[in-house]
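What follows is a single structure, written as structure tokens, with notes after it.
The values are calculated or read from the model by the stated rules, or taken from the named source; none is laboratory data. The shown structure was predicted, so the numbers you read here are calculated from the model rather than taken from an experiment. Cβ: placed from backbone, ideal geometry, glycine included. Neighbour counts: every protein chain shown. To get the accessible areas, we keep the full protein, side chains included, count just its heavy atoms, and leave off ligands, DNA and RNA. Shrake-Rupley method; radii C 1.70, N 1.55, O 1.52, S 1.80 Å.
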Amino acid sequence: MLKRRITILAIASIALCVFITLVVMTVHNGIVNEFKGKNHRFAGDCVVSTDSLVGFTYYEDFLAELRAKPFVFAAAPAIKSFGLLNQPGSDINIGIEITGIEPGEFSRATGFGKTLYYNRLQPQDAFAHNYDKNLPGCVVGIIMMQGGTDKSGKYHHSSFRSRYEFSISCFPLTAKGALAKMSTGLVNSKTFIYADDSHTQIPKVDSKMIYIPFHFAQKLCGMDGPDKRVNAIHIKFAENTSVSEGTEKVKALWQSFLQKNDDKKYANLLQNVTVQKWTDFRRSSIAPMEKEQTMLLMLFIMLGFITVFIIFVVFYMIISHKSKDIGILKSIGISAISIVNIFLAFAFLVGAIGSLVGAVCGWAFVSKANDIEAWLFEEYGWQLWDRSVYAIGAIPDQVQINVVTLIVISAVAASLLGALIPSIQAARKTPVEILQVNQL
Amino acid sequence: MDTIISATGICKTYKLGQSTLEVLKGLDLSVNEGEFVAIVGASGSGKSTLLHILGALDKADAGNVRYKQRDIASFSQKKLNLYRNGSVGFVFQFYHLLDELNVLENVLLPAMAKHGTIGWFSHKKSIKARAMELLHRFGLADRIKHRPYQLSGGERQRVAIARALINQPKLLLADEPTGNLDSETGNGILKVLEQLNGDGQTVIMVTHDDNIASRGHKIIRLADGKIV
Ligand SMILES: Nc1ncnc2c1ncn2[C@@H]1O[C@H](COP(=O)(O)OP(=O)(O)OP(=O)(O)O)[C@@H](O)[C@H]1O
Ligand SMILES: [Mg+2]
């Protein structure tokens, strides 16, 4: 029976179903994970922050408390504000987001260091440059710096960093939330020199963000008074602490910190502060993706059903075809159970071979997909998706063992089910009932 | 002579939508060991139906069939399988060989089913020898590796007879074994059956041809759902 063409077709159809499901699920899982990974790297594990541009005070005390805890690997303060960017000699101003950081500490708390190009290996020097020593350096979002990638999705850097100057202006706010310089012209401006660029792979960030040294940012934003303020503290937990566990601990810590400081002058600013896991902190960015994911999940469930159904039909048809044989086997006294077992064994073999072939092909295809795509691009200039448009660096190629197992098990189960129903049906009839229908 | 199989009051009715078709209407029959019985009747008179009921391939609506004094309606599934497998050998009008298997495998199949996977290995040699002997006797010794579709009708029918005989059943039931064959080939098959009967095999053969029926010791005529 295994040599028959119909059997080969059954194996091929199961292999194809398994192949498609595996490839689609791997690619989708990969994209979601990659996207989440980017956001995780961007935010760190946990963020203590306020939405208010005024920021919050007494952060140094809280930082000290955090850093004393063994479950905290790193904690870094950040100034976040909005401003205008102007290149000297031009009268075009563009709106930007400013983040003020101590690059070394910030890189320990988040993946910032890995987004750099020149100073990837020494993120503490992210703002170092070879030009005017009186001017501080800045790190510019890569899309803002270069506009976009070439068609192959690459950004280009020369080993020599030309001198670019950026003048950054923002509106400083007092601790009470008033504009600080009512009398003197409202804005603070400062010129920075391009030192590096940052490629987080999150387009919204890479196209708007400029990182500048912490104390310059604090000063620009008017947060450097006697009661210094920041907008956020990014935290990375120690290896053995999970994100939710660590976040709960930080929340408790923050509650007691609130109580200790509730008689202080700017205690009200602490009221607006929230402690969030990175997933909550990046909610607005992740939520659309998750919505899309539930929709895709629906599609997958449908795809799964279709696959199972196809496999079911394949077996149903094979065995319906074989019902004459079932009649013959019954007429020579072979028991119904043995007959069902024969077909189940057959289905198991076909299902197992088919899904293994499909899984292996899918695995091979997924892990070679990037090479294949690169080759097609080089040879024919053909690209699956334009890297300058989509924020995807590479086709995901991490096949998850549990996904493979799930798919293979479902395929084999579908094969068995598809074989079970018609063979039981046939085995329950008397031999003549089966044979008469088929002799015509 | 002992009675090997007997049927009393067999009724069989087919329902076709609104109408019912009474094929067998309280039929009685008895066959002794060693007999060669021919059942004759017009087409559609219920010969095949009767033979199927005797071979436990179909169920009667009323009446009972006794094989060696035991009512086969009282058999459990397991006993019923044993009966189909070892007590009777059935030769179908349309051969009903398995296309996936070759001639030898088709003949061996009932023996494999009888002994099970484990028993099969200890009996393999003697059973194979018997199968070869049967095939040799029927002039098929050089066709054992052929598939059923590579054989002529007469050859297929002989394979089917060999399969029916492999477990040495006491009773051979043959439904128009010559029905699809030319008279010469059919004659060959009849000779085989006569030979077997000569060796003591009980044979019940169905035919609609009086000439062929005359080869039996006893002719049972079926008309209007009864024996006349
Ligand atoms: N499954 C069935 N459903 C309905 N009617 C049936 C069925 N099987 C047989 N019949 C009818 O029962 C009658 C007897 O059929 P059977 O096959 O026993 O005839 P037969 O005597 O063997 O005829 P032939 O010589 O043509 O083989 C026929 O009229 C047939 O149409
Ligand atoms: Mg008939």
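When the residues of the range A:319-342 are filtered to those that are surrounded by fewer than 22 Cβ atoms within 10 Å (Cβ to Cβ) and of a type in the set (Ser, Thr, Tyr), which remaining residue is nearest to the other protein chains (Cβ to nearest Cβ)?
A:Ser335
Regarding the range A:401-410, can at least one residue be identified that is under 23 Å from the mean Cα position of the chain (by Cα) and modelled with pLDDT under 80?
no
Any residue in the range B:9-38 that's free of Cβ contacts under 8 Å to residues at least 60 places away in the same chain and β-branched (Val, Ile, Thr): show its pairings with residues that are away from ligand 2 (no atom under 16 Å from the Cβ) and outside any strand (DSSP E or B) at Cβ separation under 8 Å, as long as the two are six or more apart or on different chains.
B:Ile10/B:Ala60; B:Thr13/B:Asp61
What pairs come up if the first residue lies in the range A:417-437 and is under 18 Å from B:Phe94 (Cβ atoms) and part of a helix (DSSP H, G or I), the second is open to solvent by 80 Å² or more (accessible area, probe 1.4 Å) and within 16 Å of ligand 2 (Cβ to nearest atom), and their beta carbons are under 6 Å apart, counting only those six or more places apart or on different chains?
none
Residue check: is B:Leu21 at pLDDT below 90, open to solvent by 10 Å² or more (accessible area, probe 1.4 Å), more than 10 Å from every other protein chain (Cβ to nearest Cβ) and within 16 Å of ligand 1 (Cβ to nearest atom)?
No, not satisfied.
Can you name every residue in the range B:215-227 that is more than 16 Å from the chain's Cα centre (by Cα), closer than 23 Å to B:Ala164 by Cβ and not charged (D, E, K, R)?
Answer for the range B:215-227, where residues must be more than 16 Å from the chain's Cα centre (by Cα), closer than 23 Å to B:Ala164 by Cβ and not charged (D, E, K, R): B:His217, B:Ile219, B:Ile220, B:Leu222.
Every residue in the range A:195-204 that is touching a strand residue (DSSP E or B) at 6+ places or on another chain (Cβ under 6 Å) and either modelled with pLDDT under 90 or not aliphatic (A, V, I, L, M) (or both), please.
A:Asp196, A:Asp197, A:Ser198
Considering only the range B:25-108, give the strands (runs of 3 or more DSSP E) lying wholly within it that have at least 1 residues that are more than 13 Å from chain A (Cβ to nearest Cβ) and open to solvent by 10 Å² or more (accessible area, probe 1.4 Å).
Ranges flagged: B:36-41, B:62-67.
Name the single residue, out of those in the range B:122-175 being among the basic types (Lys, Arg) and within 20 Å of B:Tyr83 (Cα to Cα), that is most open to solvent (accessible area, probe 1.4 Å).
Applying the filter and picking the extreme gives B:Lys170.
Would you mention how many residues in the range A:119-143 are open to solvent by 20 Å² or more (accessible area, probe 1.4 Å), within 24 Å of A:Glu34 (Cβ to Cβ) and out of contact with any helix residue (DSSP H, G or I) (no Cβ under 7 Å at 6 or more places or on another chain)?
Summing the residues that are open to solvent by 20 Å² or more (accessible area, probe 1.4 Å), within 24 Å of A:Glu34 (Cβ to Cβ) and out of contact with any helix residue (DSSP H, G or I) (no Cβ under 7 Å at 6 or more places or on another chain) in the range A:119-143 gives 1.
Could you please give the count of residues in the range B:7-17 that are open to solvent by 30 Å² or more (accessible area, probe 1.4 Å) and either within 16 Å of B:Glu35 (Cα to Cα) or of a type in the set (Lys, Arg) (or both)?
Residues flagged as open to solvent by 30 Å² or more (accessible area, probe 1.4 Å) and either within 16 Å of B:Glu35 (Cα to Cα) or of a type in the set (Lys, Arg) (or both) within the range B:7-17 amount to 1.
So if I check each of B:Lys47, B:Lys68, B:Lys12, which one is among the basic types (Lys, Arg) and in contact with a helix residue (DSSP H, G or I) (Cβ under 6 Å, 6 or more places away or on another chain)?
Criteria check complete, one pass: B:Lys12.
Would you mind stating whether A:Ile353 is of a type in the set (A, V, I, L, M, F, W, C) and in contact with a Pro (Cβ under 9 Å, 6 or more places away or on another chain)?
No, not satisfied.
Just one of B:Arg156, B:Arg147 is within 14 Å of another protein chain (Cβ to nearest Cβ), more than 19 Å from the chain's Cα centre (by Cα), more than 16 Å from ligand 2 (Cβ to nearest atom) and closer than 16 Å to B:Asn102 by Cα; which is it?
B:Arg147
Restricting to the range B:164-184, and then to whatever is touching a residue at least 60 places away in the same chain (Cβ under 8 Å) and within 16 Å of ligand 1 (Cβ to nearest atom), can you tell me which residue is farthest from B:Ile4 (Cα to Cα)?
If we take residues in the range B:164-184 being touching a residue at least 60 places away in the same chain (Cβ under 8 Å) and within 16 Å of ligand 1 (Cβ to nearest atom), then B:Asn180 is farthest from B:Ile4 (Cα to Cα).
Determine whether the range B:51-66 contains at least one residue that is of a type in the set (D, E, K, R) and more than 16 Å from ligand 1 (Cβ to nearest atom).
Looking for residues that are of a type in the set (D, E, K, R) and more than 16 Å from ligand 1 (Cβ to nearest atom), one finds at least one in the range B:51-66, hence yes.
Looking for whichever is surrounded by fewer than 14 Cβ atoms within 10 Å (Cβ to Cβ) and either without any contact (Cβ under 8 Å) to a residue 60 or more places away in the chain or in the same structural domain as A:Gln201 (by TED's automatic domain parsing) (or both) here; the options are A:Ala267, A:Ala345. Which one fits?
A:Ala345
State all residues of the range B:133-161 that are part of a helix (DSSP H, G or I) and either small (Gly, Ala, Ser) or under 24 Å from B:Ile39 (Cα atoms) (or both); if no residue qualifies, say none.
Correct list: B:Ala141, B:Gly153, B:Gly154, B:Glu155, B:Arg156, B:Gln157, B:Arg158, B:Val159, B:Ala160, B:Ile161.
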